[in-house]
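Since the structure comes first, as structure tokens, the remarks are kept for the end.
The values are calculated or read from the model by the stated rules, or taken from the named source; none is laboratory data. What you see is a predicted model, and the numbers here were worked out from it, not measured in a lab. Positions of Cβ are generated from backbone atoms using ideal geometry, with glycine treated the same way; all protein chains shown enter the neighbour counts. Note: accessible area is taken over every heavy atom of the protein model, side chains too, but ligands, DNA and RNA are not part of it. Shrake-Rupley method; radii C 1.70, N 1.55, O 1.52, S 1.80 Å.
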Amino acid sequence: MTAISLKDIRKSYGSLEVISNIDLDIERGEFVVFVGPSGCGKSTLLRMIAGLEGINSGDLLIGDMRANDIPPSQRGIAMVFQSYALYPHMNVYDNLAFSLKIARIDRAEIDRRVRIAADMLQLGPYLKRRPRQLSGGQRQRVAIGRAIVREAEVFLFDEPLSNLDAALRVATRIEIARLKERLPDTTMIYVTHDQVEAMTLADRIVVLNGGRIEQVGRPVELYDTPRNMFVAGFIGSPAMNFLPVDLAFEGGAARIEHGGRPLPLARFAAGGRAGRERGTLGIRPEHLRIGSAGQALVSGAVDLVEHLGEVTIAYLRLPGDISVTVKLERTQDLKKGEALHLTADPADLHAFDQSGSALARRGDAGAYA
Ligand SMILES: Nc1ncnc2c1ncn2[C@@H]1O[C@H](COP(=O)(O)OP(=O)(O)OP(=O)(O)O)[C@@H](O)[C@H]1O
Ligand SMILES: [Mg+2]
């Protein structure tokens, strides 16, 4: 069942269009994550769903009801913001209970809901404390608890963890993953800048750019088959490497020429294209490995090395001022200036045409190495 449906939604501030032609259906119980660069419209879109921003044109359906003109309090939606804004003079229990008291829900029912939320978020021991006596992660859990007690059908989260330090972020992320399991029928839309949050929490990720949807898909789908260079460069960290290549389309296939020689094992479909054009080869840093000069897909000199323990990240300079990032397992003894020859499995290569659209892969092929 569709919980939320956006149909050709638009929003402008004066002459500036910040949301353009958004079409999206979100299923009941789905966990959808919005990602995209700063200013692309993530918060605006969330606030439009919540009813905190007006919609210029298009239809917002909640369930099967047109909700454009329904006031926020009647949409069955609870929103959790980045700044948790708890009432400082109230203890945790009263912070959780507040909206229910305002709604004149009876005391026993309030108590039941507060206890359930506190239990889900492991806030039981802190119910008598004031917000200033809590850590940032505990405060954010109280803010999430305020959404839970309302028993809303839809939760909206706008970067709820971005004020937390790294360790707390991880702990609270796991808390949210558990929450999702305990509330399987609750629909959740979550905005984040964090790759790991997006990849681990989402049933589907929506990649936004300049007020438009670039691609919607399961996390692994976006990682494996990005539709264009924007999505390819946005999903994955460190970001995908892009190398300029020449594309020649012949008999339905695309031949890729790199550094004046063809890459015979990279098989892509022409998809109706013909002739020759400039294109781009995409390779994720984690898909490159060290090989010999003869088999190398790319060769370059090491410019900088980062040792992270579990992995080593090396930044290479290639002729033509192109930089390439490579992620290697464990600690590697690499020196600045050292020449590295890198290979990759052809199945891991991506190719993009002149306009940045991905070429479809044709079957599988053997490895370079
Ligand atoms: N009240 C407003 N008046 C005019 N422009 C606005 C207003 N609110 C937002 N904008 C503009 O709308 C665009 C989208 O803003 P929004 O806050 O939705 O971005 P975002 O994707 O949430 O960014 P961030 O990741 O930085 O939070 C931005 O260009 C912003 O400057
Ligand atoms: Mg925002």
Show me the ranking of peptides 201-209, 329-337, 214-222 by mean Cβ neighbours inside 10 Å, starting with the highest. 201-209, 214-222, 329-337
When the convex hull of the Cα atoms of the stretch 178-217 is projected onto a plane and the area is averaged over all directions, what value comes out in nm²? 3.3
If the label point is 7 Å along Cα→Cβ of Q122, which residues in the stretch 164-197 have backbone nitrogen under 19 Å from it? 164-183, 197
Span per principal axis, largest first, for the Cα atoms of the chain (Å): 76, 48, 37
Helical mean residue ellipticity (222 nm; -39500 (n - 2.57) per DSSP H run of 4+; nearest 500) of the chain: -7000 deg cm²/dmol
In units of 2.2 N^0.38 Å, the Cα radius of gyration of the stretch 239-352 is 1.12
Just to confirm the number: angle between the C-alpha axis of helix 166-182 and the first principal axis of the chain, 0 to 90 degrees, nearest 10? 70
Euclidean distance of C-alpha centroids, the stretch 145-220 and the stretch 293-369, integer Å: 32
Taking only protein heavy atoms and a 1.4 Å probe, what accessible area per residue, in Å², does the stretch 239-352 have with all protein chains in place? 47
If one computes P(r) from the Cα atoms of the stretch 293-366, what percent of pairs lie at distances over 13 Å? 72
Do any trypsin sites (Lys or Arg not before Pro) in the stretch 116-172 lie in a DSSP loop with no more than 11 other beta carbon atoms within 10 Å, and if so, which? K128
A67 long-range amide H proximity, modeled H, under 5 Å: L60, L61, I62
Quick check: the angle from helix 136-149's long axis to the longest principal axis of the chain, C-alpha only, nearest 10 degrees? 60
Among the listed pairs K42/K180; K42/K128; K180/K327; K11/K180, give every one whose C-alpha distance is greater than 28 Å. K42/K128; K180/K327; K11/K180
